[in-house]
Amino acid sequence: MLKKILIANRGEIAARIIRTCKKLGIQSVAVFSEADQHAPYVRMADESYLIGKPRVNESYLNIEKIIEIAQHTSVVAIHPGYGLLSEHPRFAEACKEAGIVFIGPPSEVIAKMGSKVEARKEMEKAGVPVVPGTTDAIQTVEEAVQFATEVGYPVMLKASSGGGGIGMELVHDSEGLKKAFESNSKRALAFFGDGTMFIEKKIENARHIEIQIMADQFGNVVHLFERECSIQRRHQKVLEEAPSPFLSEKTRKKMGAAAIQAAKTIGYYNAGTIEFLVDEDENFYFLEMNTRLQVEHPVTEEITGIDIVEQQINIAAGQALHFDQTDVQRHGHAIEVRIYAEDPVNFFPSPGQITKLIVPEGIGIRNELAVEEKSMVTPYYDPMIAKLIATGNTREEAIDKLSGALRQYKIEGIKTNLPLLKEILKQEAFQTGNTLTSFIDTYYIPQSTT
Ligand code: MV4
């Protein structure tokens, strides 16, 4: 058992991790920037330490400072949450060197999956279907054009170190590819310090479906079924649900088995997610692997009854999984929406003070909050201020509960995307489970700011 844990994160996920620490009798240490002094998670932790200025480079990304506090407070482990340092191989390495357990996979595995080109190679080795594309990095425009001619347009040009759509472009012909290659490679180099590019065939009318896996340090791997995450805007997820309303039981089984094989092949341990693109005929293709706890993990917790953070802690402590695949059962349906401090018309961030906050409550309603009444939402971090999760016996019941909860929700003082979320739930395409990645662009027409 890990007796004392530092949480190298902020906001709702820091609060979420501290909650499981309390449940397990683990001492928690929070770190915070000058902008987060009054954040709820800072008060929830047993100890809290100021680590620097508001900007992440001067606080939450300062590896040396965080390790220094970890040593000063004698924690045995660090939980990185999501984003920030969670998929930073050098941070995992720094923890190890300091004799502190990193609650995540080994540094080398994070690095390997961080390279999309390497990840594709590993998946081919594992026998997991990947999108038809280049095996090796593309070095020149000529190579790019030659490959695209072979597989046929349209193709997706992607950055090997990319994610969130940065350095990615859809191209329809060789002219477009020639133009896109240099600019995206330069952008990727500027953003990630790596301009390596690769090409995939474009999968049309794709859904984004991911499999949650859990692996211990003894090679035991289970999957916790899928999450449907197709409703996104500019590569920001807005709504996630489990199970997917689209998948057949047969494909669900095949994807689960593929995800387990993927994790075994790379020697993975920790919670992890294998993302797939799924086409209309239920062909699925590996997209990327996330080697961290994800924002949308609660929907999986709701349908399986498994506390994913607790499992991460047990795995990091060197315990074997105490359940196998047949013990993982799913019940009902869960939907999560992300509440962002942003203008629902132009999607600009909307910082300011929350003057009034009413959070819905009820059976099957779960809130994950970064804020409370009177909190300041600052411009320094991700604008997601809360998550709302509704669980019912059926998808219809979950939608009804979520709609009711959204009607109860009140946030005053700042603008939020609550109107967008209500609008999504009202759409027939959503209600019938017809959720493609183009959903928001197709159906959402902003009405007003109030
Ligand atoms: C694709 C694709 C179609 N074909 N790759 C977007 C973010 C990045 N992680 C991968 N993305 C895509 N890759 C091929 N070969 C379509 C997308 C995509 C997308 C994927 C998931 C969820 C929303 C999306 C929105 C636009 C494009």
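The values are calculated or read from the model by the stated rules, or taken from the named source; none is laboratory data. Since we're looking at a predicted model, the values are computed, not measured. Note that we place each Cβ from the backbone using ideal geometry, even for glycine, and neighbour counts take in every protein chain shown. In case anyone asks, the SASA skips ligands and DNA or RNA and just uses the protein heavy atoms, side chains included. Shrake-Rupley method; radii C 1.70, N 1.55, O 1.52, S 1.80 Å.
Calculate the dipole size of the chain relative to its Cα centre from +1 charges on Lys and Arg beta carbons and -1 charges on Asp and Glu beta carbons; express the result in debye to the nearest 20.
On the way: 49 positive and 61 negative charges, 168 e Å.
Here the size comes out at about 800 debye.
If each residue of separation counts as 0.36 nm, what is the full-extension length gain between ASP307 and LEU24 once their alpha-carbon separation is subtracted?
100.8 nm
Just the Kirkwood number for region 354-428, please: inverse of mean 1/r across all distinct Cα pairs, in Å, one decimal.
Evaluated over region 354-428, this radius sits at 13.2 Å.
Multiply the residue gap between GLN431 and GLU124 by 0.36 nm, knock off their C-alpha separation, and tell me the result in nm, one decimal place.
Gain on stretching GLN431 to GLU124: 106.9 nm.
Quick one: if you stick a label point 7 Å off each Cα along the C-beta vector at ALA98 and ALA317, how many nm between them?
Output for this residue pair reads 2.1 nm.
Would you work out which of ILE303, ILE414, GLY433 lies farthest towards the positive end of the dipole of the chain? Charges go on Cβ: Lys and Arg +1, Asp and Glu -1.
ILE414
For the chain, modelled as a Gaussian network with Cα springs under 10 Å, which listed residue fluctuates most, GLU118, GLU87, GLU143?
GLU143
Expressed as a rounded percentage, what relative contact order does the chain have, with Cα pairs under 8 Å and six or more residues apart? Mind showing how you got there, number by number?
On the way: 978 pairs, mean separation 63.6, N = 450.
Once divided by the residue count of the chain, the mean separation gives 14 percent.
Kindly state, as a whole number, the per residue volume in cubic angstrom of the convex hull around the alpha carbon atoms of region 237-385.
Dividing the Cα hull volume of region 237-385 by its residue count gives 169 Å³.
Can you tell me which of 73-81, 151-159, 167-175 comes out highest on packing, and rank the rest after it, using the mean Cβ neighbours within 10 Å?
73-81, 151-159, 167-175
Any idea of THR326's accessible area? Nearest 10 Å², probe 1.4 Å.
For THR326, solvent-accessible area is about 100 Å².
Students often get this wrong, so check it: of LYS356/LYS422; LYS4/LYS401; LYS4/LYS254; LYS116/LYS237; LYS22/LYS116, which have C-alpha atoms separated by over 28 Å?
With Cα atoms farther than 28 Å apart: LYS4/LYS401; LYS4/LYS254; LYS22/LYS116.
At 1.4 Å probe size, with every protein chain present, just tell me what the per residue accessible area of region 31-77 comes to in Å².
On a per-residue basis, region 31-77 sits at 50 Å².
Can you check how the C-alpha radius of gyration of region 201-271 compares to 2.2 N^0.38 Å, as a plain ratio?
1.22
Tell me the label-point distance for the pair TYR153, PHE191, using the 7 Å Cα-to-Cβ offset, in nm and rounded to one decimal.
2.3 nm
Based on Cα positions only, what radius of gyration and what Dmax would you give for region 22-64, in angstroms?
11.2, 32
Using protein chains only and a probe of 1.4 angstrom, how many square angstrom of ASP343 are accessible, to the nearest 10?
Accessible area of ASP343: about 20 Å².
Given contacts defined as C-alpha pairs under 8 Å and at least six residues apart, what's the relative contact order of region 142-301, whole-number percent? Provide the component values of the computation, followed by the final result.
Working: 298 pairs, mean separation 31.6, N = 160.
So the answer I get is 20 percent.
Among ILE13, TYR49, LEU2, whose Cα lies farthest out toward the positive end of the dipole of region 1-55, if unit charges sit on the beta carbon of Lys, Arg (+1) and Asp, Glu (-1)?
Toward the positive end, the furthest listed residue is LEU2.
In nm, to one decimal, how far is the SER438 label point from the ASN205 one, both placed 7 Å along Cα→Cβ?
A separation of 1.0 nm, rounded to one decimal place.
Please report how far the C-alpha centroid of region 403-444 lies from that of region 129-166, rounded to the nearest whole angstrom.
Distance between centres, Cα-based: 34 Å.
Could you give me the percent of Cα pairs per 5 Å distance bin for region 40-83, shortest bin first, beginning at zero and ending with the bin that holds the maximum distance?
5, 18, 28, 33, 15, 1
How far, in nm, would the chain grow between THR355 and HIS38 when pulled straight, counting 0.36 nm per residue and subtracting the alpha carbon separation?
Details: separation 317, 0.36 × 317 = 114.12 nm, distance 1.48 nm.
That works out to 112.6 nm of additional length.
Once you treat every alpha carbon in region 153-215 as an equal point and sum by Debye, what is log10 I(q)/I(0) at q = 0.15, 0.18, 0.27 Å⁻¹?
Scattering profile of region 153-215, log10 relative to I(0): -0.50, -0.66, -1.08.
What value in Å³ per residue do you get for the convex hull of the alpha-carbon atoms in the chain?
Once divided by residue count, the hull of the chain is 138 Å³.
Given charges of +1 on the Cβ of Lys and Arg and -1 on the Cβ of Asp and Glu, with all other atoms neutral, how large is the dipole of region 1-144 about its Cα centre, in debye to the nearest 20?
700 debye
On alpha carbon coordinates alone, what is the Rg over Rh value for region 84-222, Rh being the Kirkwood radius?
Across region 84-222, the Cα-based Rg/Rh ratio is 1.02.
Using only alpha carbon pairs under 8 Å that are at least six residues apart, calculate the relative contact order of region 168-227 and give it in whole percent.
Computed value for region 168-227: 19 percent relative contact order.
In region 9-58, which trypsin sites (Lys or Arg not before Pro) fall in coil by DSSP and have 14 or fewer other Cβ atoms within 10 Å?
Details: sites: ARG10, ARG16, ARG19, LYS22, LYS23, ARG43, ARG55; in loops: ARG10, ARG55.
Answer in residue order: ARG55.
If you add up the charges near GLY52, with Lys and Arg at +1 and Asp and Glu at -1, over every other residue whose beta carbon is less than 13 angstrom from its beta carbon, what do you get?
Once positives and negatives cancel, what remains is -1.
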